[in-house]
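Accompanying notes for the structure given below.
The values are calculated or read from the model by the stated rules, or taken from the named source; none is laboratory data. Values in this document were obtained by computation on a predicted structure and should not be read as measured data. Here Cβ is always computed from backbone atoms with ideal geometry, including for glycine, and neighbour counts include all displayed protein chains. Surface accessibility is based on the protein's heavy atoms, side chains included, excluding ligands, DNA and RNA. Shrake-Rupley method; radii C 1.70, N 1.55, O 1.52, S 1.80 Å.
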Amino acid sequence: MNLGFFLTFTYINTFKMENIIQTSNLNFHYSKHKSIIENLSINVPKGSIYGFLGPNGAGKSTTMRLLTGIIPDDKNAIKIFGSELNEQIPFIFSKIGALVESPALYLHLSGYNNLLYIAKVKNINPDKIDEVLELVELTYAKNQKAKQYSLGMKQRLAIAMALLGEPELLFLDEPVNGLDPNGIVEIRKLLIKINKEKGVTIFVSSHLLSEIEKMCTHIGIIAKGKLKFEGTMNQLSTSFNTCKIEITIDNASDWQKKLNENGVKTQLNEANKIAVLLNTKEEIPTFIKKLINEGALLYEVKILEGLEEWFMNLIEN
Amino acid sequence: MKNSVNNLFTAIQGEHIKKRGSGLYTMSLIFGLIIPLLYSIIYIFNQEATAKPVAFSFNIFTKHLNDIFDSFTVFIFPLLIILITSKIAQLDHKNGGWQLMETTPLQKTSIYLSKFCVVLIANSIAIFSFLFFSVLSTLVIYLFVEAPEVAEFNLPFLHLLHIFIRLFIASLFLTAFQYFLAVKISSYIWSVLIGFFLLIGFLIVSSLVTIPDWFPFEILKRVAKYPEGSQVENWLLFTEKISIIGAAFFLFLGYYWYSFKSIFRAFFYSKKRLVISLLVTAITVFSYLFLSQTHQVMLNKKTIIAGEIKSETKFKKAYLIHPIIEDTLAALEIRNNKFHTVLSNKIPLDNYKIIIDNSLPVDLLFASNDSIFASIEFMNNELKTELFGSRFPENDYQKSNSVSWSYLSYQINESVNLDNPKKIQEELFDEWEDKYNAANTFKTADNYTPKQDFIEKEKKLITVEYLNLLNQFLDKRKALFPNDKTVLIDDVKFLKSKITLQDESLIGNENYLSYLLYELTKQDSRDIDKNLKEIDAISTLEPSQFKNRLLYYYLKNNIKEANSSENRLQLVENYANKITDSKLNKSILHLFKTYERLGRGKIADEILATNLDSKPISLSNFKGKYVVIDVWATWCGPCRYQSPYFEKMAIKYKKENIQFIALSTDKDVKKWFVSAQLKSKSVLQLHANDIGKLGKDYNIESIPRFILIDTEGKIYNSNMPFPTEATFEMILRKVLNLKELE
C-alpha cells in the first residue's frame, strides 16, 4: 500500500466519520404518485449547526421524522453517528435530543415534572434539571403547570427537554416558531453557546432564512422534497457574489430608464425606490458618486440582503 | 431480556410521573367504593326488606359480597376499564406524547406495555378497593343492624384472594381490547363511546339472547355469576382462561399495529410478519376452540349414592325410593350421619327421593353408573340439600330453569284469539321449538353439558308441557265454539307423534300423567267421577309393567282419598287383580289393610308418650273421653300454622268431654320442650316415645295429622280435616252431640 492511497483512505474515513448525519437517496411517499421526499442526500458534519431550510410543506418535518425514526425508513438510507439509524433505535436517543413538531409537552404537568419524565426515561440524574431550567430561564416557573405557560415559555421548555442530558446531537424542528424577536435572539444565543461550549451538533429546521442564517455554519435547502443546495455559509456567500442595492430617489422612474440605457440592471420597487444589481459590493461608492454627479436627489442607499432573494428564487423554481 | 425488563420498568416509572395529577388511581379507588357504600346505606335504612330469618350458618362477608358482586363486575368495573384505558392513552394523544416517547431510549414494547401495566395496576386497585370496602361495609352494617344468629364473622381470606385473582384475569381481555381501541383512536370521546355502547348493548341484550362465552363483558359477568368458581376443582373457569388468550391476541394486534404504524406494514409487509400474524391468529383460534369445548362427566362402572348430614340430630336410617311408585330401591344405613351405598341393579334416569328417618325428603336425580353425593344440612328445623357428583350439570340446569312468561299460555288461559286455531297452533309449535332447542344449549360454569339421556327426557317433558297446553286449548275451543271443528295442523300432529302413551321413563312426571290420562279418557263420555274414569282407562291398557305401575299409583291415591271403607273395598276388588306385578299387588293389599285397620270402630293402637313433667302418659289413660290428637313437630311449618286453630277449638270445647292432645314427633326433645312450654294449657302437650312405631301404627306419611278417638278407645277418624277447615269442627260437634252451627 503506498502512502498516497493510505492518506486518501484515511481522509475519506475521517471525512465519513465527521458526518454525524448522512442520508443517501432518502425517499418517502404516502402514495405511489405523491412523493414527499425525493432522493434526499444530506450530510451534517460533526460540531456544526446545520440549518435545514425550506418553505412550509417542503418536507422539512417529514425529513425530521424520518431522521428520528418516528416515520420508519425501510430502505436503511439514514446513517447517524456512522451507522444505520434503524439498528440503533431506540437506545440512540440517549445521545440525541429531539424537538419534533413542537411543542410536545404534558400540559397537565409542571415544567419541572415534564423534565423529570425525560430524565427518568433517559436515565439522567434529576439534578441536571435545574441546570437546563436555568439555561432556558424558566427556573422561576418550574412548578407552574405547562398549560399556564406562554407560547414562548412552552417553546423554551420543549428545548430544555431536548437539551436535558447533554446530547451529542440535537434535532430542533422550527424551534423559534411563535417566539417574539427578543426570544428568537435568546434562543439563537443559547444554541450557539451550547454548540461552542459543549460541541453539540445541532440540526435545526426553519422556513425563514433570516431566522437562522446568523447562527448556522452549514445550510441545506429543500423545496418540494428535493435538496436544492447544501454547503457551508461561506460556500453560500461565494456562490452568490453579485450585490443588489436599493436606492430611494426622486423621479425614480426616469432614473430607472436612464440607468437601463446605460446597461445597468434595475427594477422599480416602489414609486421612489429602485433596486439596482451591481457586480460587487465594491462598486457601490463609484456608482453613487456618479448618480449624485448627474444630479440625482438621493435619500437612502440600502444593501438588499442578497441571500434572501436568492433563497426565494431557489425555492420558487 | 433483562434489559427489556429494565426498560419496561423505567417506562412504567415514567408513566407514573406522567399521570401525576390525573387522579387515575383515585378514580379506581372510588369506583371500587361506590357499590359497597350505596349498599350499606340502603341496607341500614331499609332493614325490613332485607331481614329474613335464616336457618343455616353462612359467612356474612361472602353473603354481602355476593349481593353486590354482580353490579360491580357487570357495570362499574367495565366502565372503569373503559374510562381508564382511554384516559391513559389520552395523556399522550393530547400532548403529542406518542412521538415524544419515540424519541427517547424506550423500546416500543416498553412504551406500549407500560401504559397497559398502569391500567392493570388501576384494575387491581379497583378490585382490591371493592373487596376491601365490601368487607368494611359489612362490618359497618352490623354496627347498626342486628346480625342473624347463624352468621359467621370470620374473614374468608382465601375466598377473597381467589375472587381477586379471577376478577383480575377476567378483566384482562376487556382491558387489552379497550386499550387497543384507545391507542388506535386518538379522540377520547370515541374510544369511550364505543366501549360504553358495547357495555350498554351487552346489558340490554344479555337477558334476551345467549351471549358467546368469549365476549369480554360476559367473561366478567361470569365471575359474579359463579362466585364460588369452578365446580370441578379448577382454579380458573374456562372463560377466564379465554380472557388470557383474548388479552394476548389484542396486545399482539395493538402492539404490532402501533409499532409498525399501519395495518399493512404490521401484518403483511414481509413474509415474516405475515407468517407471524397468521401463526398468532391460528394459535388464538385453536386455544379458544380447545378451551371452549364442552365436557361431559365421565361415568363410573358402579352406581354410588353417598351423603353426609350436618345436623345436631343423629339419624339412623334412610330409604331410597321412587317418588311415584314408592318402590324402595335401597335401604341406607346412616352412621355418624354419613351414608354410602353401591347399587347393582339397573336404574333408569329419574327423580328419586331419599327419605331420612321417615321424615326428611331429599330429591335426587340419577341413573345407573352415576356417583352422587348429597350434602344435607338440617338445622333449626330446616332442610337444605346440595348435590355433587356426576349429575351436577343436570342439577344446575334444573336450578337455572326459571319459568318464563309465555304469550301463548296467556292467550289460552284468558281465551284470547281462540277464534283463530291455526295461528294459535303455529305459535304453539314455534314456542315449543324454541324451548326444545334451548335444552341443547345449557352449559355449566366449566362448560359441562347434561348427559344425553337427561336432555332427551327434558325434551320429552317440554313436548308434554306443550301438548297439555294444546289439550287445554282444544277443550276451550270445544266449549266456546261447539260447532266449529278444530283441525290440527301438521306441525302439531308431528308434536303429538313424539310422545307415546306408554313411556315408562316419564312415569314419574305429573305433566305426563295428566297428558296420558287426558288422552286415555277423552273418548269416555260417561257421567261418572273423573278418578274412576281414569282408573278405568288405565285398567283397559295392555298388560305391561308400565300399566302395573300406573295402576298401582292411581289405585293407591284413590284408596287414600276414598271416604268410606265400602269404597275402598270396591276399588281393591275391581282393580287390584289387574296389577300383574306381585310386589306391587302385595303393596296395594297391604295399604288397603292399613286403611282398614285405621277405619272407624277399629281399636286404636296404644300410644306411649311423655308430658312436660317427664311423666309417662298413654292413650289408654283417656278412656271414657273423646281424644283428638294433633301429630306435629317443631320443624314443620304447616303444623305451626294449624296449631293456633287447634288451640282455639280446645279452648272453645274445654268444658266438653274431649281431650285435646298435641303429640310431638320431634327427634330433639329439648326443642319440643321449649316450644311446648309456650303453648296454650288447654292442649295437653306430649312427646311420643317411639316415633317409628307411631308412624307405622297410624300410617303417618305426613304431618300435621289429626286423629279422633272415641270414648271406648276406638278410631273415629284417623285422618281428620285440618282445624282451619269448617268440617273439623262439624265432626267434633257431631260426636259431642252438640247441635249444628248455623
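Could you name every residue in segment A:111-133 that has 20 Å² or more less accessible surface in the full protein assembly than in its own chain alone (probe 1.4 Å, ligands and nucleic acids excluded)?
Residues of segment A:111-133 that lose at least 20 Å² of accessible area once the other chains are added: A:ASN113, A:LEU116, A:TYR117, A:ILE118, A:LYS120, A:VAL121, A:LYS122.
Give the angle, between 0 and 90 degrees and rounded to the nearest 10, that separates the Cα long axis of helix B:726-735 from the longest principal axis of the Cα atoms of chain B.
Rounded to the nearest ten degrees, it is 20.
Which entries of A:LYS198/B:LYS2; B:LYS310/B:LYS681; B:LYS652/B:LYS681 have Cα-Cα distances beyond 24 Å here?
Over 24 Å Cα-Cα: A:LYS198/B:LYS2; B:LYS310/B:LYS681.
Could you give the angle, 0 to 90 degrees to the nearest 10, between helix B:530-539's Cα long axis and the longest principal axis of the Cα atoms of chain B?
Compared with the principal axis, the helix lies near 80 degrees.
Any chance you could look up the accessible area of B:TRP214 with a 1.4 Å probe, heavy atoms only, rounded to 10 Å²?
Rounded to the nearest 10, the figure is 110 Å².
Please work out how much length the chain gains when fully extended from B:LEU79 to B:SER186, using 0.36 nm per residue of separation minus the C-alpha to C-alpha distance, in nm with one decimal.
Extra length from B:LEU79 to B:SER186 when fully extended: 36.6 nm.
Under the definition of partner shielding as Cβ atoms of other protein chains within 10 Å of a residue Cβ, what is the mean value for peptide B:19-28?
Across B:19-28, the average partner-chain Cβ count within 10 Å equals 2.
Give me the percent of accessible area attributable to carbon and sulfur for chain B, probe 1.4 angstrom.
Answer for chain B is 58 percent, counting heavy atoms of protein chains only.
Over 21 Å between Cα atoms: which of A:LYS142/A:LYS214; B:LYS602/B:LYS734; B:LYS241/B:LYS451; B:LYS560/B:LYS602; B:LYS422/B:LYS476; B:LYS399/B:LYS460 fall into that group?
A:LYS142/A:LYS214; B:LYS241/B:LYS451, as the Cα separations exceed 21 Å there.
Going by Cβ distance under 4.7 Å, what cysteines of the protein assembly as shown have no possible disulfide partner?
Here A:CYS216, A:CYS243, B:CYS117 come out as lacking a disulfide-compatible partner, given the Cβ-Cβ threshold of under 4.7 Å.
Through the Karplus equation 6.51 cos²θ - 1.76 cosθ + 1.60, θ set to phi - 60°, convert the phi angles of segment A:289-304 into ³J(HN,Hα) values in whole Hz; use x for Gly and Pro.
3, 4, 4, 5, 4, 7, x, 6, 9, 9, 9, 7, 10, 9, 7, 6
Any chance you could check the Cα centroid distance between segment A:134-159 and segment B:433-495 for me, in angstrom?
The distance from the Cα centre of segment A:134-159 to that of segment B:433-495 comes to 77 Å.
With each run of n ≥ 4 DSSP H residues scored as -39500 (n - 2.57), what mean residue ellipticity at 222 nm is computed for chain B after dividing by its residue count and rounding to the nearest 500 deg cm²/dmol?
Per the formula, -17500 deg cm²/dmol.
So what's the gap between the Cα centers of segment A:70-118 and segment B:516-535, to the nearest angstrom?
Taking the Cα centre of segment B:516-535 as reference, the centre of segment A:70-118 is 92 Å away.
Taking a probe of 1.4 Å, how large is the accessible area per residue of the protein assembly as shown, in Å²?
Computed with neighbouring chains in place, this is 50 Å² per residue.
Assuming a ≥ b ≥ c are the square roots of the Cα gyration tensor eigenvalues, decide whether segment B:407-597 counts as rounded (a/c under 1.5), prolate (otherwise, with a/b larger than b/c) or oblate.
oblate
R0 = 25 Å: FRET efficiency of B:LEU738 with B:ASP605, Cβ-based, nearest 0.05?
My answer for the efficiency is 0.30.
Order B:418-430, A:64-76 from most to least packed using the mean count of other Cβ atoms within 10 Å.
Highest to lowest by the protection proxy: A:64-76, B:418-430.
Return the distance in nm (one decimal) between the two label points of a simple spin-label model at A:ASN177 and B:VAL205, each offset 7 Å from Cα along Cα→Cβ.
4.4
Among A:LYS154, A:LYS145, A:LYS257, which one shows the biggest mean-square fluctuation in a GNM of chain A, springs joining Cα atoms closer than 10 Å?
A:LYS257
Quantify how strongly other chains surround peptide A:268-274 by giving the mean number of their Cβ atoms within 10 Å of each of its Cβ atoms.
0
Counting only other chains, what is the mean number of Cβ atoms within 10 angstrom of the Cβ of each residue in peptide A:280-288?
If you average over the peptide's residues, the count of other-chain Cβ atoms is 0.
For the pair B and A, how large is the buried accessible area, both sides, in square angstrom to the nearest 100, if the probe is 1.4 Å?
2500
Considering all alpha-carbon pairs of chain A, what whole percent are spaced by more than 24 angstrom?
62
Just to confirm the filter: which chymotrypsin sites (Phe, Trp or Tyr not before Pro) across segment B:99-190 are DSSP coil and have at most 15 other Cβ within 10 angstrom of their Cβ?
B:PHE153
What is the extension gain from B:LYS63 to B:ASN511, computed as 0.36 nm multiplied by their sequence separation minus the C-alpha to C-alpha distance, in nm to one decimal?
157.6 nm
For A:LEU208 paired with B:LYS615, estimate the spin-label separation in nm (one decimal), with each label point 7 Å from Cα along the Cα-to-Cβ line.
12.0
Taking a 18 Å limit on the Cα-Cα distance, which of the listed pairs A:LYS273/A:LYS302; B:LYS530/B:LYS556; A:LYS122/B:LYS94 fall beyond it?
Checking Cα-Cα distances, A:LYS122/B:LYS94 exceed 18 Å.
For the pair B:LEU193/A:ASN269, report the inter-label distance in nm, with labels modelled 7 Å from Cα in the Cβ direction.
Between B:LEU193 and A:ASN269, the label points sit 5.5 nm apart.
Leaving ligands, DNA and RNA out of it, rank B:THR385, B:THR463 by accessible area with a 1.4 Å probe, largest first.
My answer, sorted largest first, is B:THR385, B:THR463.
When ranked by the protection proxy of mean other Cβ atoms within 10 Å per residue, highest first, what sequence do the peptides B:13-19, B:230-236, B:728-734 form?
Descending mean neighbour count gives B:13-19, B:728-734, B:230-236.
Please determine, in degrees from 0 to 90 and to the nearest 10, the orientation of helix B:582-597 with respect to the longest principal axis defined by the Cα atoms of chain B, where the helix direction is its Cα long axis.
60
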